[in-house]
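Report on the structure given below.
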Amino acid sequence: MAELTALESLIEMGFPRGRAEKALALTGNQGIEAAMDWLMEHEDDPDVDEPLETPLGHILGREPTSLEQGPGAAAGESKPILSEEERQEQTKRMLELVAQKQREREEREEREALERERQRRRQGQELSAARQRLQEDEMRRAAEERRREKAEELAARQRVREKIERDKAERAKKYGGSVGSRPSVPAAEPGPVPSSPSQEPPTKREYDQCRIQVRLPDGTSLTQTFRAREQLAAVRLYVELHRGEEPGGGQDPVQLLSGFPRRAFSEADMERPLQELGLVPSAVLIVAKKCPS
């Protein structure tokens, strides 16, 4: 039984002549299967029907056949004539081959579509996991920042408390080391001269220290030397530390008064230095009980 050529077989299967020739040429005339694969892969190309610029015979590595040359071929050449049954049988085989190639192509495209879908889902899951990790990291950093700020605040408060305690201890040590707890009333001692501007000598003398005598409500007195630039609060603290226990066990806050002229020192005066209050070089202060508010 005579066989159809590859070009004739492709034309019998319904492919346009131009496409069939182009497919055979571009596949190196390796057979119908290679040509059909090329036709199915490039059937949607916009230039699939454009003719080749190079002559077909030269691409195939041979001289063009009479069928390829068209009606002008040599009259002496002849091709095998197929019977109707042979033509139908060969066409059937070609159609089956085309159907098989089409199924293989569809299966391949389906597998590729499934693989793309799996990749899309995997990428979506990875993106969602990355977003969740980012949110968790931000929440963790925010929590760590809050803990750090709270720890710094607590540390600052602790430093303030420790400084207050150190100041109290230093004052207690400084003002309590040189005088007994209950000194006796000194013998007749001349009263202090108020340090007012009108009574100061013409040439004012600078004093670095001042001697303060504090008379307690029970008749006893305390005497201590302070620096001229020290605040009046230091005198009050000294009195509170050395005035002794009162009957009943309670210790009321004290109010300091000047002897002459009579003056009650306020809380604002406690922050002023002794020199500014006119208590230098010496002064007598009176402790009065401060009525609880």
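Does S258 satisfy the condition of being of a type outside the set (K, R), modelled with pLDDT of 90 or more and over 24 Å from E170 (Cβ atoms)? Walk me through it before giving the result.
Values: of a type outside the set (K, R): yes; modelled with pLDDT of 90 or more: no; over 24 Å from E170 (Cβ atoms): yes.
Spelling it out, it is not the case that S258 is of a type outside the set (K, R), modelled with pLDDT of 90 or more and over 24 Å from E170 (Cβ atoms).
Return the residues of region 224-242 that are in a strand (DSSP E or B) and surrounded by 15 or more Cβ atoms within 10 Å (Cβ to Cβ); say none if nothing qualifies. Talk me through it step by step, then tell me what you get.
Here is the first cut: in region 224-242, the residues in a strand (DSSP E or B) are 224-227, 231.
Q224, F226, R227, Q231 - these are the residues of region 224-242 that are in a strand (DSSP E or B) and surrounded by 15 or more Cβ atoms within 10 Å (Cβ to Cβ).
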Just give me the residues in region 263-285 being part of a loop (DSSP other than H, G, I, E, B) and free of Cβ contacts under 8 Å to residues at least 12 places away in the same chain, in sequence order. S266, E267, A268, E276
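Could you list all residues from region 22-42 that are closer than 13 Å to T5 by Cβ, in contact with a helix residue (DSSP H, G or I) (Cβ under 6 Å, 6 or more places away or on another chain) and open to solvent by less than 40 Å² (accessible area, probe 1.4 Å)? Walk me through it before giving the result.
As a first pass, look at region 22-42 and keep what is closer than 13 Å to T5 by Cβ: 24, 29, 31-32, 35.
With the extra rule that they be in contact with a helix residue (DSSP H, G or I) (Cβ under 6 Å, 6 or more places away or on another chain), the set shrinks to 24, 29, 32, 35.
Matches in region 22-42: L24, I32, A35.
The values are calculated or read from the model by the stated rules, or taken from the named source; none is laboratory data. Source: prediction; values computed, not measured. A quick note on method: Cβ atoms are made from the backbone with ideal geometry, for glycine too, and the neighbour counts reach across all protein chains shown. The accessibility values were calculated without ligands, DNA or RNA, using every heavy atom of the protein model including side chains. Shrake-Rupley method; radii C 1.70, N 1.55, O 1.52, S 1.80 Å.
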